[in-house]
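J.: Please read through the structure below; I'll follow up with questions.
The values are calculated or read from the model by the stated rules, or taken from the named source; none is laboratory data. The structure displayed is predicted, hence computed values, not measured ones. Glycine gets a Cβ as well: all are built from the backbone with ideal geometry, and neighbour counts include every protein chain shown.
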Amino acid sequence: MSPARHLLLIALSAAALPAMSAEPEAISFQSLGTDTTIPATLLRPDGAGPFPAVVIAHDCSGLGLRSSGAPMRWGKELLAQGYVVVIPDSFTPRGLPDGVCIIPGSESAVASGYVRDGDALAALKLLRTLPYVDGRHVGLMGGSHGGWTTLATMTDLARDNNAVKQAKQDGFSAAVALYPSCASPYGSWAAKGEKGEKGENRNSGPITGYVGLYKPLNPVLVLVGEKDDWTPAEPCRQLVDASRSHGYSIDIVVYPDALHSFDSANPVRYDARRNNSNSPTGKGATTGGDAAAWADARKQVAAFFERQLKPAK
């Protein structure tokens with residue numbers, strides 16, 4: 001290929017992608033059914049749109065100085081692919097600006113994944129008011145605590161307030177949960193363990209079985225690491241297999257050598273202070289990036305949202 005033709009192809013490829021706005025925009029909205037105002041960051045491609053969109057739920061480290069950085073990494077990935085992105089801050093307005101990774105559940109329950117579904121759905125509601133957003137095609141994704149939020153948002157929960165219940169019936173078109181807590185209760189689904197018959201009572205220790213069924217309202221993709229000692233892969237396999245056996249649209253990819261937070265270039269690190277219901281002691285978890293898993297996860301997310309949020313014209 002001649003150098004001139006090579007440069008022409010590069011130029012044409014670049015022109016096919018939407019230009020990115022220079023600066024993130026600070027926005028806010030009220031969590032559904034509450035008086036809590038949620039600050040958020042909005043990223044948008046240049047142009048009139050309408051663009052599909054994705055809401056990103058942050059992990060337990062939040063969006064402050066101690067943030068893992070994963071929400072913005074994914075935000076930039078999705079922005080480059082032509083999505084409007086909103087990243088809500090669920091922790092700061094609830095008095096937890098430094099995250100909840102090492103804070104007891106009794107103190108951080110005000111911002112649990114079951115509470116944060118109201119934040120995610122409020123972001124969806126706001127996106128549908130924006131003229132440059134295709135409100136029929138909005139996805140949700142999150143990792144770890146944000147993965148918990150994602151799975152909670154994509155199914156009906158008895159504890160949901162009326163505003164959340166109503167919003168879920170016309171909710172997100174699709175969702176990606178990265179290394180979520182699949183042993184947590186979601187509707188009738190729950191893990192059984194040595195310290196209780198259902199997941200909400202299984203404070204820590206080994207899982208002995210599962211009950212119920214996870215019923216996603218729309219397609220879900222789960223990405224998890226086989227060596228994750230914080231949110232293990234096996235409960236996610238069980239959750240997905242049970243749902244699929246009943247015809248629900250849910251898939252899973254398990255990365256053989258990956259740990260928790262594989263979607264980064266961070267070194268492997270064990271922190272004995274982290275809350276971990278899957279540890280015999282209830283404490284201690286390992287995180288670390290995995291180049292192969294991170295690269296494949298980007299491909300998986302891009303392809304999944306392409307199918308679900310960018311219908312053929």
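J.: Just the residues that are in a helix (DSSP H, G or I), closer than 18 Å to residue 216 by Cα and either of a type in the set (Lys, Arg) or in contact with a helix residue (DSSP H, G or I) (Cβ under 6 Å, 6 or more places away or on another chain) (or both), please, taken from segment 109-149.
T.: Result: 113, 114, 116, 117, 118, 120, 121, 148, 149.
J.: How many residues are assigned to a loop (DSSP other than H, G, I, E, B) and either of a type in the set (A, V, I, L, M, F, W, C) or in contact with a Leu (Cβ under 7 Å, 6 or more places away or on another chain) (or both) if we restrict to segment 256-280?
T.: Initially, segment 256-280 is screened for residues assigned to a loop (DSSP other than H, G, I, E, B), giving 256-259, 261-268, 276-280.
Checking the rest, the ones that are also either of a type in the set (A, V, I, L, M, F, W, C) or in contact with a Leu (Cβ under 7 Å, 6 or more places away or on another chain) (or both) come to 258-259, 262-263, 265, 268.
Within segment 256-280, residues that are assigned to a loop (DSSP other than H, G, I, E, B) and either of a type in the set (A, V, I, L, M, F, W, C) or in contact with a Leu (Cβ under 7 Å, 6 or more places away or on another chain) (or both) number 6.
J.: Among the residues of segment 207-266, what is the count of those that are β-branched (Val, Ile, Thr) and modelled with pLDDT under 95? If you could, list the steps in order and put the result at the bottom.
T.: In the first step, residues of segment 207-266 are kept if they are β-branched (Val, Ile, Thr); the result is 207-208, 211, 220, 222, 224, 231, 240, 250, 252-254.
So of that shortlist, the ones also modelled with pLDDT under 95 come out as 207-208, 211.
The qualifying residues number 3.
J.: Identify, please: which residue in segment 202-235 is touching a Lys or Arg at 6+ places or on another chain (Cβ under 8 Å) and assigned to a strand (DSSP E or B) and is, among those, farthest from residue 291 (Cα to Cα)?
T.: 211
J.: Now for a separate question. Of the conditions (1) out of contact with any Asp or Glu (no Cβ under 8 Å at 6 or more places or on another chain); (2) more than 26 Å from residue 124 (Cβ to Cβ); (3) outside any loop (DSSP other than H, G, I, E, B); (4) at pLDDT 95 or above, residue 192 fails just one. Which one is it?
T.: That leaves (4) as the condition not met.
J.: So is residue 238 outside any loop (DSSP other than H, G, I, E, B), within 17 Å of the chain's Cα centre (by Cα) and either within 23 Å of residue 155 (Cα to Cα) or aromatic (Phe, Trp, Tyr) (or both) or not?
T.: On the way: outside any loop (DSSP other than H, G, I, E, B): yes; within 17 Å of the chain's Cα centre (by Cα): no; either within 23 Å of residue 155 (Cα to Cα) or aromatic (Phe, Trp, Tyr) (or both): yes.
When the stated conditions are applied, residue 238 does not pass them.
This table checks each residue for (1) crowded, with 16+ Cβ neighbours inside 10 Å; (2) touching a Gly at 6+ places or on another chain (Cβ under 7 Å); (3) farther than 23 Å from residue 82 by Cβ; (4) not small (Gly, Ala, Ser).
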position: 244; (1), (2), (3), (4): no, no, yes, yes
position: 249; (1), (2), (3), (4): no, no, yes, no
position: 257; (1), (2), (3), (4): no, no, yes, yes
position: 264; (1), (2), (3), (4): yes, yes, yes, no
position: 272; (1), (2), (3), (4): no, yes, yes, no
position: 287; (1), (2), (3), (4): yes, no, yes, yes
position: 291; (1), (2), (3), (4): no, no, yes, no
position: 294; (1), (2), (3), (4): yes, no, no, yes
position: 302; (1), (2), (3), (4): no, no, no, no
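J.: Inspect all residues belonging to segment 80-90 and state whether any of them is within 18 Å of residue 122 (Cα to Cα), among the acidic types (Asp, Glu), at pLDDT 95 or above and under 16 Å from the mean Cα position of the chain (by Cα).
T.: For segment 80-90, residues within 18 Å of residue 122 (Cα to Cα), among the acidic types (Asp, Glu), at pLDDT 95 or above and under 16 Å from the mean Cα position of the chain (by Cα): present.
J.: Right, next: When only residues in segment 281-307 that are in contact with a Leu (Cβ under 8 Å, 6 or more places away or on another chain) and among the aromatic types (Phe, Trp, Tyr) count, which is farthest from residue 192 (Cα to Cα)?
T.: If we take residues in segment 281-307 being in contact with a Leu (Cβ under 8 Å, 6 or more places away or on another chain) and among the aromatic types (Phe, Trp, Tyr), then 305 is farthest from residue 192 (Cα to Cα).
J.: Also, I was wondering about something else. Can you work out which of the residues in segment 283-300 that are touching a strand residue (DSSP E or B) at 6+ places or on another chain (Cβ under 7 Å) and part of a loop (DSSP other than H, G, I, E, B) is nearest to residue 108 (Cα to Cα)?
T.: Looking at residues that are touching a strand residue (DSSP E or B) at 6+ places or on another chain (Cβ under 7 Å) and part of a loop (DSSP other than H, G, I, E, B), I get 288.
J.: Please work out which one of (1) in contact (Cβ under 8 Å) with a residue 60 or more places away in the chain; (2) under 24 Å from residue 246 (Cα atoms); (3) not basic (Lys, Arg) is the condition residue 145 fails and give its number.
T.: Of (1) in contact (Cβ under 8 Å) with a residue 60 or more places away in the chain; (2) under 24 Å from residue 246 (Cα atoms); (3) not basic (Lys, Arg), only one is false for residue 145: (2).
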